[in-house]
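Each value in this text was obtained by applying a stated rule to the coordinates, not by laboratory testing. Source: prediction; values computed, not measured. Every residue, glycine as well, gets a Cβ built from its backbone with ideal geometry; the counts of neighbours run over all protein chains shown.
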Amino acid sequence: MNKQPTDIHCLSATELVSLFRRRELSPVEATRAALERIEAFQQTINAFILVDAEPALAAATASEKRWAKDAPASSIDGVPTTVKDLLLAKGWPTRRGSKAVDPAGPWTEDAPAVARLRESGAVLLGKTTTPEFGWKGITDSPLSGITCNPWDTSRTPGGSSGGAAAAAALGMGTLHVGTDGGGSVRIPAGFTGVFGFKPSFGRVPTWPLSMVGTLSHVGPITRTVEDAAMMMSIISRPDARDWGSLPYDERDYCNGLRDGVEGLRVAFSPTLGYVDIVDPEVTTRVAAAAKAFEMLGATVEEADPGFDSPNEVFLTHWCVGAAKLLANYSSEQQEVMDDGLRKLASLGAETSLFDYLDAVGARSQLGQTMREFHEDYDLLLTPTLPIPAFEAGLDTPGSGNLKWWADWTPFSYPFNLTQQPAASVPCGFTSEGLPVGLQIVGPMHGDALVLRAANAYEQAYPFQMPATPKDDAGEDCDPAQ
């Protein structure tokens, strides 16, 4: 599709870089286009906690000079990029969605992924919103308020990387860095109809560790799979501060991306064997997507991995992490925090060492189960989420007996416990026009395979993005209001 200059914000990173190379577009023009989108829709969507236009334009100007000399810093030099406000970025406050964090800093270091992006010439636009310390699967916080879904501004974009996903959907930047401790990249990707990828644990170095430690991963949120692959080639570069990261393999994740899925053995599990809240429209769209893999040459059969719900195991890890985090803050600071976060921390503080170790043991058994499952299947397909996006500002859907956010995200957090790579690809819309996501789970360290499968699906069924935010009647929101 030919895009006019007014559509610069729609261009993928691949397209932008091609135009930069041919001198048909400047990184400055691309940055201005992204900043204009932010200015137009930030008030409606609330995807950013910080936008730093002047340094971004300066970085874009420096990139323009490198391209003029045919000496770009990397394959993403000059591409507009955002950072989730859980990750350190030099010179910017990292508030983590919390009033308890002092904005004065000092803020003198970049997180590993941010450092690699900065070194590569990516143009950093600002920081995207998160719930407080990323503790839940939606995006609102005492600090930044409520972030909205571009497809229906009365609905949540999910979380905790909801600001990044909403920004990606609307072209408020091209590349977006998120974190995923229980689905926080895949949940908002599923609710907003963009691509989100959680790499194998350790593949992308991270420092400092999040409150949930080895559950949390850093990964890309983008409008295309190829853009995420380009990002992975950059952010997976080594950083000595993460002693648990995997050995660097110098892989270019774009190599082999178009090899397709022919001959792969694929399991399709509509419910993981225990999820009983899947919306019928989600079931229909995801089943059609699984059928598409068969049409693309894979062998697909319905099969469950063979584990019971690990909700309690996950809850134990999550609550203990929250308790450890809040122990670093005074009672006065905790008083300005999200009530839900404080309640989880209270549960964690009451958890015995033996109960926690039991959860650790159950987690290891779950990991073993999935390792053995992938001896028979190359990939596992599931819904990303069992339901479409619900009302913004709520922690759980208004109906039903779901008590905490993991109750409505049963497909994502198991694969944080197992640390496997997993992605969400958009696979259609409900009758109300809300996106549905397909989750693609790969074997441990099978990151390139997951990206390859996601790309094969995207090439057959291109992703659709909203031109502007829509209200609950499906009408375009007026950016002037």
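Only helices enter this figure: runs of n ≥ 4 DSSP H residues, each worth -39500 (n - 2.57), summed and divided by the residues of the chain, yield -10500 deg cm²/dmol at 222 nm to the nearest 500. Packing-based ranking of 369-376, 146-153, 187-194 yields 187-194, 146-153, 369-376, ordered from highest to lowest mean Cβ neighbour count within 10 Å.
In terms of its alpha-carbon gyration tensor, the stretch 426-481 comes out prolate; a/c meets the 1.5 threshold, and the first ratio a/b outweighs b/c. Between rounded, prolate and oblate, where does the stretch 1-152 land on the alpha carbon gyration tensor, with a ≥ b ≥ c its root eigenvalues, rounded for a/c under 1.5, else prolate if a/b exceeds b/c? Judged from the Cα gyration tensor, the stretch 1-152 comes out oblate (a/c at least 1.5, b/c at or above a/b). Set the Cα radius of gyration of the stretch 341-419 against 2.2 N^0.38 Å, with N its number of residues, and you get 1.37.
For the chain, the membrane-span-like helices by this rule, meaning whole DSSP H stretches whose C-alpha atoms cover at least 18 Å of axis and whose Kyte-Doolittle mean is -0.5 or above, are 27-45, 53-68, 280-295, 311-326, 353-373, 447-460; this says nothing about an actual membrane. Of all DSSP-defined beta bridges confined to the stretch 1-142, some 45% are antiparallel rather than parallel.
What the phi angles of the stretch 246-260 give under the Karplus curve with 6.51, -1.76 and 1.60, with θ = phi - 60°, is a coupling list of 6, x, 6, 10, 6, 6, 9, 6, 7, 5, x, 5, 9, 7, x Hz, glycine and proline written as x. Working ranking of peptides 108-117, 122-131, 198-207 by packing, defined as the average number of other Cβ atoms within 10 Å per residue, highest first, is 122-131, 198-207, 108-117.
The alpha-carbon atoms of the stretch 234-303 define a convex hull whose volume equals 172 cubic angstrom per residue. Annotation: extensible slack from residue 302 through residue 279 equals 6.4 nm (criterion: 0.36 nm per residue apart, minus Cα-Cα distance). Taking the square roots of five times each eigenvalue of the Cα gyration tensor of the chain, the equivalent ellipsoid has semi-axes of 30, 27, 22 Å, listed largest first. In plain terms, the residue of 307, 48, 429 with the fewest other Cβ atoms within 10 Å comes first and the most crowded comes last, giving 429, 307, 48.
For residue 403, a cut-off of 24 angstrom between C-alpha atoms picks up these lysines, skipping any fewer than 8 places away in its own chain: 136, 324, 343.
Annotation: the residues 356, 457, sorted from fewest to most other C-beta atoms within 10 Å of their own C-beta, follow the order 356, 457.
Residue ranges 216-229, 339-352 sort as 216-229, 339-352 when ordered by packing (mean number of other C-beta atoms within 10 Å per residue, highest first). Of the residues 63, 364, 233, the one with the fewest other Cβ atoms within 10 Å heads the list, and the complete ranking is 364, 233, 63.
Please report the antiparallel percentage of the DSSP beta bridges confined to the chain, to the nearest 5. Here the share of antiparallel DSSP bridges comes out near 65 percent.
The alpha-carbon of residue 127 sits under 17 angstrom from the alpha-carbons of these lysines, leaving out residues fewer than 8 places away in its chain: 84, 90, 99. Between residue 368 and residue 265, the modelled labels are 2.1 nm apart [label points 7 Å from Cα along Cα→Cβ].
Can you bin the stretch 296-366 into rounded, prolate or oblate? Criterion: square roots of the alpha carbon gyration tensor eigenvalues sorted a ≥ b ≥ c, rounded for a/c under 1.5, prolate for a/b above b/c, oblate for the rest. Judged from the Cα gyration tensor, the stretch 296-366 comes out prolate (a/c at least 1.5, a/b above b/c).
Taking Rh as the Kirkwood radius computed over C-alpha pairs, what is the Stokes-Einstein D of the stretch 173-276 at 37 °C in a medium of viscosity 0.692 mPa s, expressed in µm² per second? D, rounded to a whole number, is 217 µm²/s.
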